[in-house]
Amino acid sequence: WVVSGTADSAVPFIGTERWIECLGRKRTGEFKPWLLKGDVAGTVTSWEGISLVTVKGCGHTIPTYCPEAGFEFFANYLKDE
């Protein structure tokens with residue numbers, strides 16, 4: 001998994017997505033939203049063997065900018081969801 005905040009000015013998620021595409025892997029999933037308390041907290045896009053998870057409205061250090069969403073992402077990562 002690769003995670004990126006949508007408000008990250010240091011490493012914009014668009015650049016991260018482009019970097020993954022340069023790996024030449026087949027895309028297997030398109031911008032599926034993930035939810036936190038019924039609201040969209042970001043998206044998940046998948047390629048063979050790698051997923052990009054975005055966290056809506058978060059900057060470069062997700063736990064600092066969005067601690068609740070950051071914790072939820074991490075919990076999902078540990079559960080492989």
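The values are calculated or read from the model by the stated rules, or taken from the named source; none is laboratory data. Note that the structure is predicted; figures quoted are calculated from it, not measured. Quick reminder, even Gly has a Cβ in these numbers, built from the backbone with ideal geometry, and neighbours come from all protein chains shown. Heavy atoms of the whole protein, side chains included, go into the accessibility calculation; ligands, DNA and RNA do not. Shrake-Rupley method; radii C 1.70, N 1.55, O 1.52, S 1.80 Å.
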How much accessible area per residue does the chain have, in Å², with a 1.4 Å probe?
64
Charges only on Cβ, +1 for Lys and Arg, -1 for Asp and Glu: so what's the dipole of region 2-81 about the Cα centre, in debye to the nearest 20?
160
Listed residues LYS37, LYS26, LYS56, most fluctuating in the chain (Gaussian network, C-alpha, under 10 Å)
LYS37
Where chymotrypsin sites (Phe, Trp or Tyr not before Pro) fall in DSSP loop in region 1-52, at most 13 other Cβ within 10 Å:
TRP1
Given the alpha-carbon gyration tensor of region 25-64, what are the semi-axes of its equivalent ellipsoid in whole angstrom, ordered largest first, with each equal to the square root of 5 times an eigenvalue?
21, 13, 6
Leaving ligands and nucleic acids out of the surface, order LEU36, LEU52 by accessible area at 1.4 Å, largest first.
LEU36, LEU52
I'd like the carbon and sulfur percentage of the solvent accessible area for the chain, probe radius 1.4 Å, heavy atoms only, ligands and nucleic acids excluded.
58
Around GLY57, which amide H atoms from residues at least 5 apart in sequence, or from another chain, sit under 5 Å from its own amide H, with H modelled in the peptide plane?
THR6, ALA7
Tell me which label goes with the value of Rg and Dmax of the Cα atoms in Å computed from the coordinates here: (1) 23.0, 75; (2) 20.9, 54; (3) 12.1, 35.
(3)
Residues whose placed amide H lies under 5 Å from that of ALA41, excluding near-sequence neighbours
TRP34, LEU35, LEU36
Which value in deg cm²/dmol, rounded to the nearest 500, describes the helix-derived mean residue ellipticity at 222 nm for the chain, given -39,500 (n - 2.57) per DSSP H run of n ≥ 4 and division by the residue count?
-9000 deg cm²/dmol
For region 13-81, whose charge dipole is built from +1 on Lys and Arg Cβ atoms and -1 on Asp and Glu Cβ atoms, the candidate among SER46, LEU36, GLY70 with its Cα farthest towards the positive end is SER46
Please check which bits of region 35-55 a label hung off VAL11 would reach, taking the label as a point 7 Å along Cα-to-C-beta and the cut-off as backbone N under 20 Å.
42-55
Long-range amide H contacts for SER51: which residues qualify at under 5 Å (H placed 1.01 Å from N, peptide plane, sequence gap of 5 or more or a different chain)?
VAL2
